[in-house]
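Before any comments, here is the structure.
The values are calculated or read from the model by the stated rules, or taken from the named source; none is laboratory data. Just so it is clear, the model here is predicted, and its values are computed rather than measured. Cβ coordinates were reconstructed from backbone atoms using ideal geometry, including for glycine residues, and neighbour counts include every protein chain displayed. Ligands, DNA and RNA are excluded from the accessible area calculation, which covers all protein heavy atoms including side chains. Shrake-Rupley method; radii C 1.70, N 1.55, O 1.52, S 1.80 Å.
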Amino acid sequence: MTDLLDVSTHFRFGQNWADYSKLVDERRITDARESVESLCGDLTGKTFLDIGSGSGLFSVSALRLGAKEVVAVDIDEDSVATTRKLLTGEGRDNWRAERISVFELPDHVHDKFDVVYSWGVLHHTGAMWRAVETAASFVKPGGTFAISLYEKTPLCGFWKREKRFYSLLPKPAQVTIRIGYHAAWAAALLLTGHNPVRRWREGNERGMSIAHDAHDWLGGFPYESAAPAEVISFMKKLGFEHRQTVPYRIRLKGLFGSGCAEYVFHKPEEAVAKSAPKRRSRAKAG
Ligand SMILES: C[S@@+](CC[C@H](N)C(=O)[O-])C[C@H]1O[C@@H](n2cnc3c(N)ncnc32)[C@H](O)[C@@H]1O
């Protein structure tokens, strides 16, 4: 039995987000906002739950897209502190950020949010499918569920072991592994006719930085992944309608990362009973 609230073996995501937050500027916020908008559409007047808020950049984006209320939650206290810092900078009061696991959210928030957004989170909980089902239960009938999950690749078994190992290493050893990883990444880009320096400067399309992404990728434990067909079929069984899948387009998939596929689902009015998970008093994996 694994205690899903015990983060002692988890990668310290929050430390990485605290460091990344020093880079957040208007360009990164604009990239993040465009990413949220492309999945969730117009948020004007909507309630928005950001599960696993990380840096808080996407909660900030939701506020800027006009959300009426933003609730950001994360299991890592450093992530929550960084989320609060970024949200405070917006000078608004229609948000809150709490240290709480997806598995601990109270019953009264079920069927509550117009939009539930959880990007790159549910595969790091130690019980991915249960986390997906639980997160989906917070969507209001008629609402939107936007998630992203690592795509299954032939190398997922290797990466799971690598992440467990990396996340236990002292910082200098992690830095050494990162240098090797970045060198291989730059070589692969050069060999395929791309400019690694430009890539490094530009970051990725969600406003992320390559350096922080690499640390997150190499250490992100617990780790699970899913094939898009599995995700769509799982959500349909919960009564959701599939609206959009954006597969992550990555060269040499699996070698430098599995890439996160994005999914958007719609919860029809009549899906309420189907999607409510059986509540347990304590979050334990069976
Ligand atoms: C890879 S980061 C993604 C952060 C953010 N959503 C983004 O797109 O940048 C994963 C985040 O999920 C959080 N997390 C992991 N397990 C969680 C759980 N059970 N409940 C809530 N948050 C969790 C981690 O602490 C971390 O901040």
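Structure above, values below:
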| quantity | calculated |
| --- | --- |
| Exclusive hit being touching a residue at least 60 places away in the same chain (Cβ under 8 Å), in the same structural domain as F103 (by TED's automatic domain parsing), assigned to a loop (DSSP other than H, G, I, E, B) and more than 9 Å from the ligand (Cβ to nearest atom), set T44, T9, T30 | T9 |
| Residues of segment 190-248 satisfying the condition of being among the polar types (S, T, N, Q) and either under 21 Å from the mean Cα position of the chain (by Cα) or outside the structural domain of R161 (by TED's automatic domain parsing) (or both) | N204, S209, S225, S233, Q244, T245 |
| Out of K140, K171, sole residue that is touching a residue at least 60 places away in the same chain (Cβ under 8 Å), on the phi < 0 side of the Ramachandran plot and more than 16 Å from the ligand (Cβ to nearest atom) | K140 |
| Residue count, segment 35-47 (criterion: open to solvent by less than 50 Å² (accessible area, probe 1.4 Å) and more than 19 Å from V246 (Cβ to Cβ)) | 2 |
| Subset of segment 210-228 (residues that are of a type in the set (S, T, Y) and open to solvent by less than 10 Å² (accessible area, probe 1.4 Å)) | Y223 |
| In segment 54-75, residue nearest to S148 (Cα to Cα) [restricted to those that are assigned to a helix (DSSP H, G or I) and open to solvent by 10 Å² or more (accessible area, probe 1.4 Å)] | F58 |
| Positions within segment 188-232 being assigned to a loop (DSSP other than H, G, I, E, B), among the small types (G, A, S) and in contact with a helix residue (DSSP H, G or I) (Cβ under 9 Å, 6 or more places away or on another chain), in sequence order | G203, G207, S209, G220, S225 |
| Residue in segment 233-268 that is surrounded by the most Cβ atoms within 10 Å (Cβ to Cβ), counting only those that are assigned to a loop (DSSP other than H, G, I, E, B) and free of Cβ contacts under 8 Å to residues at least 24 places away in the same chain | I250 |
| Hey, A146 part of a helix (DSSP H, G or I) and either at pLDDT 95 or above or among the aliphatic types (A, V, I, L, M) (or both) or not | no |
| Single match in V132, V139, V175 (criterion: at pLDDT 95 or above and closer than 20 Å to S38 by Cα) | V139 |
| Segment 76-130, subset open to solvent by 30 Å² or more (accessible area, probe 1.4 Å) and among the polar types (S, T, N, Q), residue nearest to the ligand (Cβ to nearest atom) | T88 |
| Evaluation of W185 against (1) within 14 Å of the ligand (Cβ to nearest atom); (2) under 20 Å from M208 (Cα atoms) (one fails), failing number | (1) |
| The lone exception for R161 - which of (1) surrounded by fewer than 24 Cβ atoms within 10 Å (Cβ to Cβ); (2) assigned to a helix (DSSP H, G or I); (3) touching a residue at least 40 places away in the same chain (Cβ under 8 Å) it fails | (3) |
| Residue list for segment 49-71, filter: hydrophobic (A, V, I, L, M, F, W, C) and within 9 Å of the ligand (Cβ to nearest atom) | I51, L57, F58 |
